[in-house]
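Student: Mind having a look at this structure? Questions to follow.
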Amino acid sequence: MNNRRILAWLGVGVLGLVLAQAVQRQLNLVVNGQAQSSKALVVGGQTYVPVSALRALGVTASVSGNTVSLSGSPVAGADQRASLEGCLNEWLNNGIWRARATKVEAFDENGLKGWAIDFEVRNATAKTLEAWNAGFKDPSSLTLAFADGTTQRMEGNALARESYEAKIYNAAIPQGAGVSTKLKFTSNRTDTPTKLLIEMDTNNIKQKYNLAFSTPNPSLRFKLDCSK
């Protein structure tokens, strides 16, 4: 009996040694700009990532017997745009702006209903920046996404002018300074949005300020259904 146990443990040890030798390299893993604790593995010249990384990208994964099944939506639309991503109260930094969303709530003002996002942005450079010349775009570049995959862009109405254009888009923000506002989206939806998406323009900032974003995907995606 003892000999069988010894042989069994030897078999497990040999298998572990073979697997360890098969792994040629371990790679640090970053998903949507966020460092992961798990690693990617290079085996036989192929790179493998854990299923958890795929799930973070919106891929549905399931295991049944000897089969791993993956499914996902085609990459299209604002919700799938490559962006930095974080939860409520989590600062995102694209090298030019530090920003965070802190709260989502419904509003009803003067007959207009919708959703308001408490939002804060800070200048991360050593220069005073005009936001419209340093990445921020018109109100239609701000989008709410809902759990069913539908989206709602910010409309160019009085609420947008008050909550976004006056406070951020048309503002000159000194180095290290910041502004806070409630981003207001008119909408008839009663279900709480799950994401706030802010598309960044990379064209003007180099010419105007001789600055560049620190990431190739400087747009911002805030998950409104989680909090740090």
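The values are calculated or read from the model by the stated rules, or taken from the named source; none is laboratory data. Since the structure is predicted, the reported quantities are computational estimates derived from the model, not experimental observations. Ideal geometry is used to build each Cβ from the backbone, glycine not excepted, and the neighbour counts take in all protein chains shown. The protein model used for the area step is the full one, side chains on, heavy atoms only, and it has no ligands, DNA or RNA in it. Shrake-Rupley method; radii C 1.70, N 1.55, O 1.52, S 1.80 Å.
Student: Please go through the range 172-204 and pick out each residue that is buried (at least 16 other Cβ atoms within 10 Å of the Cβ) and over 22 Å from the mean Cα position of the chain (by Cα).
Tutor: The answer is ILE173, THR186, SER187, ARG189.
Student: Among what's in the range 138-171 and is touching a residue at least 24 places away in the same chain (Cβ under 8 Å) and farther than 25 Å from ASP225 by Cα, pick the residue that is most open to solvent (accessible area, probe 1.4 Å).
Tutor: By that ranking, first place goes to ASN170.
Student: ALA134 versus (1) open to solvent by less than 20 Å² (accessible area, probe 1.4 Å); (2) over 20 Å from LEU84 (Cβ atoms): which is the lone unmet condition?
Tutor: (2)
Student: Is it the case that LYS223 is within 15 Å of the chain's Cα centre (by Cα) and basic (Lys, Arg)?
Tutor: Values: within 15 Å of the chain's Cα centre (by Cα): yes; basic (Lys, Arg): yes.
For LYS223, the condition - within 15 Å of the chain's Cα centre (by Cα) and basic (Lys, Arg) - is met.
Student: What number of residues in the range 137-171 are in a loop (DSSP other than H, G, I, E, B), more than 19 Å from the chain's Cα centre (by Cα) and hydrophobic (A, V, I, L, M, F, W, C)?
Tutor: Taking the range 137-171 as the starting set, the residues that turn out to be in a loop (DSSP other than H, G, I, E, B) are 137-138, 146-150, 154-157, 170-171.
Filter once more, so that each one left must be more than 19 Å from the chain's Cα centre (by Cα): 138, 155-157, 170-171.
Restricting the remaining residues to those that are hydrophobic (A, V, I, L, M, F, W, C) gives 171.
Matching residues across the range 137-171 total 1.
Student: Among all residue pairs at least 6 apart or on different chains, which show Cβ distances below 6 Å where the first residue, located in the range 91-115, is without any contact (Cβ under 8 Å) to a residue 24 or more places away in the chain and the second is among the polar types (S, T, N, Q)?
Tutor: That search, which allows pairs on different chains as well, returns THR102/ASN89.
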